[in-house]
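A short reminder: the numbers here are calculations on the coordinates, not readings from a lab. Keep in mind the model is a prediction, meaning the values are calculated, not measured. Backbone-built Cβ (ideal geometry, glycine too); neighbour counts: all protein chains shown.
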């Protein structure tokens, strides 16, 4: 595909990708907020967790469904960014969209299955039996729950790898500014090792990506989006050399301005008085000499 054909493809896909990126970030945030609502157990204990889950099952099911839709949305965004990167890179990871698709599918499916299964065993625990620790441990150790836990971790790992690799490659070909590339890699790591329950970094990255797709980036879209070719960012040594050259040019301009002001000061100096002004004193001197001659004549008389 030629760069012109690639740019035409990106132009057709861009409006949809803006929606996918923004929806992925917003739905992740809404799902996390809903997950914080409702009753919560102050102590992590199996019997208390099941009783609490019985009362807040509706919150968790709704939040998990929104989270799954968000994962599908930003999965499409990652695929689009990888497709744009592949057209500009000499070497690309062809298996990356497979990792992204499998990770998103596993995470979205197992999340819903897990929350439905957990809500079911919580209802069973509350409505039957003596509500003992052994009963709670037996219910939570069921095969479906354990399989969903393992698959959920696998899906999170694949999504994290997808975020890191797509952001890194897109940054190398110039599609993402370096700041956005590093934030994307951090967002991927937080899927696997979340610091807080609120996905602030993921929300910021996806919304910023939507702004970049829409051409609303503060510094303007990177050149790679306009040329359809790789536009690598300068290295640290190149940036340092460029800053030194700019500083030297600034010093030369200041020195040139100083020299220009000195010449202007010399050119603006008042010109010497014309000869007519010096000659105007001659009549006064001749008048004074005539007066002296008259006094001498009077004395002689």
Requested in this report: At 7 Å along the Cα-to-beta-carbon direction for both residue 182 and residue 116, put a label point, then send me their distance in nm to one decimal.
Outcome: 4.4
Query raised in the report: What's the FRET efficiency of residue 91 with residue 219 using the Cβ-Cβ distance as r and R₀ = 30 Å, to the nearest 0.05?
Result: 0.60
Report summary line: Between the modelled labels at residue 123 and residue 233 (7 Å from Cα along Cα→Cβ) the distance in nm is 5.0
Query raised in the report: Relative to the present Cα-Cα distance, how much length would full extension add between residue 69 and residue 142 at 0.36 nm per residue of separation?
Result: 23.6 nm
Report task. Take the alpha-carbon centre of the range 6-61, take the same for the range 69-99, and report the distance between them in whole Å. Result -> 22
Query raised in the report: How far apart, in nm, are two points set 7 Å out from the Cα along the Cα-to-Cβ line at residue 1 and at residue 195?
Result: 3.6
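Relative contact order of the range 3-227, please, whole-number percent, based on alpha carbon pairs below 8 angstrom and at least 6 residues apart.
Computed over the range 3-227, the figure is 28 percent.
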**Report entry** Over the range 117-220, relative contact order from alpha-carbon pairs under 8 Å, at least 6 apart, %
**Finding:** 19
Report summary line: Expected unfolding gain across residue 41-residue 9 under the 0.36 nm per residue rule, minus the alpha-carbon gap, is 6.5 nm
**Report entry** log₁₀ of I(q)/I(0) at q = 0.18 Å⁻¹ - the range 3-227, Debye sum with one point per alpha carbon
**Finding:** -1.24
